[in-house]
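S.K.: Here you go, one structure.
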Amino acid sequence: MKVYCTSPWIPVEWVCAHGHEPCGVWAAVDELPSATAEGVCPFARALVELASKNHQAAFVFTTACDQSRRAADAVLLQSHTPVFLFNLPATWQTPAAHRLYRAELARLGRFLERLGGFSPSYLELMLVIRRYSEQRAMLLDLIQHSPARQAAEAVMQYFWPDHAKKPASAGKVTAHGVPVALIGGPLLPSQWGIFDVIESAGGRVVLNATEPGERCLVPQLTLSTDNSDLQAVLADHYLDHWVDVFQRPNTRLYDWLAVRIAQRGVRAILLWVNLHCDLWRAEAQTLRNRFGLPVVMLEAHDIPANLNRVTTRLAALIETVRSGSRPADLHQPRKSEPYAVQRTNPGDSP
Ligand code: SF4
């Protein structure tokens with residue numbers, strides 16, 4: 001059975017080891033609804049529509065945000081699609097958080113068995129964990145040497161190998177363009193045009209920390225013969241390494257970003273947010289303060305609807321970064337404008 005995972009923190013290898021086909025849900029959402037009820041995140045709304053139409057599949061939602069939680073409730077109310085709501089701990093530092101995540105993984109396993117799956121043997125689980133782990137290691141290496149769009153396709157295939165039969169697009173990493181980081185929530189294949197828009201504006205994405213991007217790949221998990229409880233090892237590995245905005249404190253997100261922003265010479269940050277996604281939207285100022293880089297907020301619903309406008313904004317940002325303008329020279333958004341460009345550290349000239 002197809003099991004749609006709505007979060008990168010549902011281990012796809014766990015679903016696979018139980019005899020089901022894990023499907024990263026991002027590849028299944030063609031485009032976001034143009035209109036949603038007031039306060040409803042379009043991505044969460046799209047998941048409800050997708051799940052309500054797919055009675056032959058199962059959906060795993062998480063408690064990462066209220067919108068996701070409510071989406072799970074809505075699907076349960078309006079359809080017969082099997083739904084599992086996974087309690088993701090917002091903290092990771094305590095034994096209680098580890099116990100919770102391990103218990104949720106076990107509960108998900110029982111859910112998958114009830115759907116016709118099976119409980120994997122030690123050997124079966126070990127082989128599946130190894131396979132996925134090696135894929136992640138290869139992917140993390142490939143991302144370093146691939147154009148952003150090609151890397152995004154490869155990561156999408158990791159979360160759902162069969163979603164696209166066509167080979168990933170070819171391309172070379174170009175040394176041209178101002179290096180930028182794209183950070184934020186769900187980035188769908190129908191929105192990958194944003195990579196071209198950024199390039200045509202004179203930038204290039206050297207860090208994709210959207211969902212599912214590089215941020216969503218936990219490091220390789222090396223198993224040893226001492227690992228008697230593989231389920232616990234898998235759970236702890238995920239909980240010890242996932243990087244997301246809903247964690248409290250979300251220092252791990254900033255520490256993860258800091259290393260890569262420094263290593264890759266990032267000179268501007270593009271914050272990718274969905275309508276009504278308060279979690280990511282709230283990070284704009286903290287990103288500015290922490291990294292002293294200009295931050296532009298990109299509204300996901302503007303791609304592909306308002307490509308020209310987005311291109312113009314980005315070109316202005318790139319020009320600003322190139323020229324090393326002082327804060328007073330930067331584009332000041334009008335009240336109604338969704339984009340804000342600011343440099344918070346006047347001494348940090350690019
Ligand atoms: S985009 Fe934001 S609001 Fe929507 S489901 Fe994801 S985290 Fe929640």
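S.K.: Against the definition (acidic (Asp, Glu), within 14 Å of the ligand (Cβ to nearest atom) and more than 30 Å from Leu127 (Cα to Cα)), how does Asp66 come out, yes or no?
M.R.: yes
S.K.: Give just the number: which of (1) within 20 Å of Trp9 (Cβ to Cβ); (2) open to solvent by less than 10 Å² (accessible area, probe 1.4 Å) does Val295 not satisfy?
M.R.: Condition (1) is where Val295 drops out.
S.K.: Could you please find all residues in the stretch 70-110 being crowded, with 16+ Cβ neighbours inside 10 Å and β-branched (Val, Ile, Thr)?
M.R.: Val75, Thr81, Val83
S.K.: Of all residues in the stretch 263-286, which are open to solvent by less than 20 Å² (accessible area, probe 1.4 Å), within 16 Å of the ligand (Cβ to nearest atom) and either in contact with a His (Cβ under 6 Å, 6 or more places away or on another chain) or not in a strand (DSSP E or B) (or both)?
M.R.: First, the residues of the stretch 263-286 that are open to solvent by less than 20 Å² (accessible area, probe 1.4 Å): 266, 268-274, 280, 283-284.
Now narrow it down to the ones that are within 16 Å of the ligand (Cβ to nearest atom): 270-274, 280, 283-284.
Correct list: Asn274, Trp280, Glu283, Ala284.
S.K.: Right, next: Answer yes if at least one residue in the stretch 331-346 is at pLDDT below 95 and in a helix (DSSP H, G or I), and no otherwise. Don't jump to the end; show me each part of the working.
M.R.: So in the stretch 331-346, the residues at pLDDT below 95 come out as 331-346.
From the residues that got through so far, the ones that are in a helix (DSSP H, G or I) too are none.
No, the stretch 331-346 has no match at all.
S.K.: Can you work out which of the residues in the stretch 46-60 that are under 21 Å from the mean Cα position of the chain (by Cα) and more than 9 Å from the ligand (Cβ to nearest atom) is farthest from Leu275 (Cα to Cα)?
M.R.: Once the filter is applied, the top-ranked residue is Ala58.
S.K.: Within the stretch 287-314, restricting attention to residues that are assigned to a loop (DSSP other than H, G, I, E, B) and farther than 23 Å from Pro189 by Cα, which residue is farthest from the ligand (Cβ to nearest atom)?
M.R.: For the stretch 287-314, the residue satisfying everything is Gly292.
S.K.: Search the stretch 143-154 for residues that are in the same structural domain as Ser200 (by TED's automatic domain parsing) and touching a residue at least 60 places away in the same chain (Cβ under 8 Å) and pair each with any residue that is among the polar types (S, T, N, Q) and buried (at least 21 other Cβ atoms within 10 Å of the Cβ) when their beta-carbon atoms are under 8 Å apart and the residues are at least 6 apart or on different chains.
M.R.: That search, which allows pairs on different chains as well, returns Ile143/Asn208; Ala148/Asn208; Ala151/Asn208; Ala152/Asn208.
S.K.: Return only the number of the condition from (1) out of contact with any His (no Cβ under 8 Å at 6 or more places or on another chain); (2) within 14 Å of the ligand (Cβ to nearest atom) that Val40 does not satisfy.
M.R.: (1)
S.K.: Looking at the stretch 209-262 only, could you name the residues that are surrounded by 16 or more Cβ atoms within 10 Å (Cβ to Cβ), within 16 Å of the ligand (Cβ to nearest atom) and not in a helix (DSSP H, G or I)?
M.R.: Ala209, Thr210, Glu211, Pro212, Gly213, Trp242, Val243, Asp244, Val245, Phe246, Gln247, Asn250
S.K.: Here's another thing I want to ask about it. Only one residue in Ser34, Ser52 is open to solvent by 30 Å² or more (accessible area, probe 1.4 Å) and not assigned by TED's automatic domain parsing to the domain that holds Arg248. Which one?
M.R.: When all the criteria are applied, what remains is Ser34.
The values are calculated or read from the model by the stated rules, or taken from the named source; none is laboratory data. These numbers come from a predicted model, not from an experiment. Using ideal geometry, Cβ is built from the backbone for each residue, glycine included, and neighbour counts are taken over all protein chains shown. Remember, those area values only see protein heavy atoms, side chains included, never the ligands or the DNA or RNA. Shrake-Rupley method; radii C 1.70, N 1.55, O 1.52, S 1.80 Å.
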